[in-house]
1. Out of curiosity, is B:PHE240 within 10 Å of chain A (Cβ to nearest Cβ), out of contact with any Lys or Arg (no Cβ under 7 Å at 6 or more places or on another chain), modelled with pLDDT under 90 and over 17 Å from B:SER217 (Cβ atoms)?
2. Any idea which of B:ILE211, B:ILE171, B:ILE176 is more than 14 Å from chain A (Cβ to nearest Cβ), outside any helix (DSSP H, G or I) and crowded, with 16+ Cβ neighbours inside 10 Å?
3. Identify, please: which residue in the range B:118-147 is of a type in the set (Phe, Trp, Tyr) and within 20 Å of A:LYS160 (Cα to Cα) and is, among those, nearest to the other protein chains (Cβ to nearest Cβ)?
4. Quick one: which residue in A:ILE154, A:ILE143 is of a type in the set (A, V, I, L, M) and under 18 Å from the mean Cα position of the chain (by Cα)?
5. Within the range B:221-275, restricting attention to residues that are polar (S, T, N, Q) and over 23 Å from the mean Cα position of the chain (by Cα), which residue is surrounded by the fewest Cβ atoms within 10 Å (Cβ to Cβ)?
6. Tell me which residues, restricted to the range A:149-167, are touching a strand residue (DSSP E or B) at 6+ places or on another chain (Cβ under 8 Å), within 8 Å of chain B (Cβ to nearest Cβ) and free of Cβ contacts under 8 Å to residues at least 60 places away in the same chain.
7. Tell me which strands (runs of 3 or more DSSP E) are completely within the range A:154-244 and hold 1 or more residues being closer than 19 Å to A:ASP78 by Cβ and among the polar types (S, T, N, Q), or say none if there are none.
8. Counting only residues that are hydroxyl-bearing (Ser, Thr, Tyr) and within 20 Å of A:GLU223 (Cα to Cα), which one in the range A:76-125 is nearest to the other protein chains (Cβ to nearest Cβ)?
Amino acid sequence: MKKLFGYVLIGLALVSLVLPGCTPETTEVVVIATDATWPPFEYVDEQTKEIVGFDIDLMTAVAEKAGIEIEFKNVAWDPLLAGMALCQYDAAISAMTITEERAEQWLFSDPYFYAGQIVIVHIDNTEIASKYDLSGKVVGAQIGTTGSFEVENIGGATLKTYDDIGLAFQDLMNKQIDAIIADNPLALGYIGENPDKLKTAGDVFTDENYGIAVCKDNPDLVEKINDGLEAVKAEGLIEELVEKWL
Amino acid sequence: MDEQPKLKPSGSKLAYLPGAETVARVDPWWGLVVLVIGLTVILVTVRADPFWDILKFVRDGIAVTALITVSSFALTLVVGLIGGLGRLARNPFLHGIATLYVEVVRGIPLLVQLIWWYFAFPTVVQQIGEWLNISVIANYHANPIFTAIMGITVCYGAYMSEIYRAGIQSIPKGQIEAARSLGMTHFQSMRHVIIPQAVRVVLPPVGNELIALLKDSCLVSVVAVADLTRRGREFMAVHFNPIEVWTMVALLYLVMTLLLARVVAWIEKKSHFER
């Protein structure tokens, strides 16, 4: 009797593993992944605990124009990239630079924002004036970001990767690393909050465009998003959002 | 000399009883180690892209993981002994300090402790340095690997203290009383009677801790230490192939833990005498 009960339990457990896979999707909610540690583009608001930011407002407006229902999912950056390659999410908006390597793995919408990489150092640092002074230095960046690729391209610089860029800035403010390479608007946000500890070194040195990532099995969704993007661009929403968030 | 036949120890007679043959000399679980290593080698050779590339990329991460595991474990053994003896001390001050240490450290997740040591501790030290006006302390910077080893040692030292304490307490009181009545001092009876027996009791849990420590060492990846886990994540973030990367990383951890488990089993066997 006891044995039978055991078998039934194991059977039920196995069934429950399979079941969610075959529930029919009644409403098509598009799951949008975002790494909400990248202010002001996407971050978790202190008071409301909601994901807010430039990208979130933009995506919500685009979805409205495109007539799709969306749901945001907060995931860390490196699983987000891997998840996009495996189509675990329908799309992702996360201040993502359009790169060749990434475009081989998934689809991109039209660009919606122009940004570039910049070097950030501690305010007391007088040695580093641009990215050319980074040889022999320890430079932080978020794991898998275009900033980290730039560090790897600098001969003699040691790359230290962090789970999220906030930890890198904390380390820089503690003077445990020499510099950070990150996106310009994000860097300015952090410097704005800690003007007594951080400053930029040199100018923006790359040209990058942010795009919305879409799973490669879903070209229809790219079209819908592009149409929505065009409509909100025509309304001048991007300028409005720049005004609001940057 | 008289020809009295030597008495055989009863153990050797028992060995000839059916079903009580001496256990195979080679531990059969080495087979599992060979299997896992074999699987890794097959993956690396048959599908060099990406498995060989992954292995090459994470190589220095393996070394960092090994370094952190070995050094923190060695330190943990020392810290644990001090903590364990402190927990047993009759002096209320020593006992209090050791108990406070164990209770506080055991109550905080290792991940939180590691983040605290790396991101909060240096700021605290710097502020104290500024307050005391000593520039050496004010300019204190944490070395990530050193901080990781310290964090793990502090945490595992607390667990180890409890293991040592339990081991020593597991020896019946009669043993120390007998040793004392034979004229040994407290130290002598500890050294010759209690500790040798306690070591055998604590060996399995200590070995267990070593393996747990190796696995928990992956938590240091959040404080920017480039260990095996972080190297795996870095590789995945560029090549977008989670299946291959994490299969490889899991296999590499498994090789290390299985090897350690065999070493621990071997030491346990070596130190197993009749009671």
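The values are calculated or read from the model by the stated rules, or taken from the named source; none is laboratory data. Being a predicted model, the structure only gives us computed values, none of them experimental. As a convention, Cβ positions derive from the backbone with ideal geometry for all residues, glycine included, and neighbour counts pool all protein chains shown.
1. Details: within 10 Å of chain A (Cβ to nearest Cβ): yes; out of contact with any Lys or Arg (no Cβ under 7 Å at 6 or more places or on another chain): yes; modelled with pLDDT under 90: yes; over 17 Å from B:SER217 (Cβ atoms): yes.
Against the criterion (within 10 Å of chain A (Cβ to nearest Cβ), out of contact with any Lys or Arg (no Cβ under 7 Å at 6 or more places or on another chain), modelled with pLDDT under 90 and over 17 Å from B:SER217 (Cβ atoms)), B:PHE240 qualifies.
2. Numbers: B:ILE211 fails: outside any helix (DSSP H, G or I); B:ILE176 fails: outside any helix (DSSP H, G or I).
Just a single option satisfies the conditions, and that option is B:ILE171.
3. Within the range B:118-147, the first condition is being of a type in the set (Phe, Trp, Tyr), and the residues that meet it are B:118-119, B:121, B:131, B:140, B:146.
Checking which are within 20 Å of A:LYS160 (Cα to Cα) leaves us with B:118-119, B:121, B:140, B:146.
Values: B:TYR118: 8, B:PHE119: 5, B:PHE121: 9, B:TYR140: 9, B:PHE146: 12 Å.
Looking at residues that are of a type in the set (Phe, Trp, Tyr) and within 20 Å of A:LYS160 (Cα to Cα), I get B:PHE119.
4. Working: A:ILE154 fails: under 18 Å from the mean Cα position of the chain (by Cα).
Selected residue: A:ILE143, the only one of A:ILE154, A:ILE143 that is of a type in the set (A, V, I, L, M) and under 18 Å from the mean Cα position of the chain (by Cα).
5. Filtering the range B:221-275 down to residues polar (S, T, N, Q) leaves B:221, B:229, B:241, B:247, B:257, B:271.
In the following step, the residues that additionally are over 23 Å from the mean Cα position of the chain (by Cα) were identified as B:241, B:247.
Numbers: B:ASN241: 19, B:THR247: 16.
Ranking the qualifying residues of the range B:221-275, first place goes to B:THR247.
6. Filtering the range A:149-167 down to residues touching a strand residue (DSSP E or B) at 6+ places or on another chain (Cβ under 8 Å) leaves A:150-152, A:154, A:157-166.
Those left that are additionally within 8 Å of chain B (Cβ to nearest Cβ): A:160-163.
Answer for the range A:149-167, where residues must be touching a strand residue (DSSP E or B) at 6+ places or on another chain (Cβ under 8 Å), within 8 Å of chain B (Cβ to nearest Cβ) and free of Cβ contacts under 8 Å to residues at least 60 places away in the same chain: A:LYS160, A:THR161, A:TYR162.
7. Values: elements: A:158-162, A:179-183, A:198-201, A:208-210.
In the range A:154-244, the matching strands (runs of 3 or more DSSP E) lie at A:158-162.
8. Within the range A:76-125, the subset hydroxyl-bearing (Ser, Thr, Tyr) is A:89, A:94, A:97, A:99, A:109, A:112, A:114.
Restricting the remaining residues to those that are within 20 Å of A:GLU223 (Cα to Cα) gives A:89, A:94, A:97, A:99, A:109, A:112.
Values: A:TYR89: 13, A:SER94: 13, A:THR97: 13, A:THR99: 10, A:SER109: 19, A:TYR112: 22 Å.
If we take residues in the range A:76-125 being hydroxyl-bearing (Ser, Thr, Tyr) and within 20 Å of A:GLU223 (Cα to Cα), then A:THR99 is nearest to the other protein chains (Cβ to nearest Cβ).
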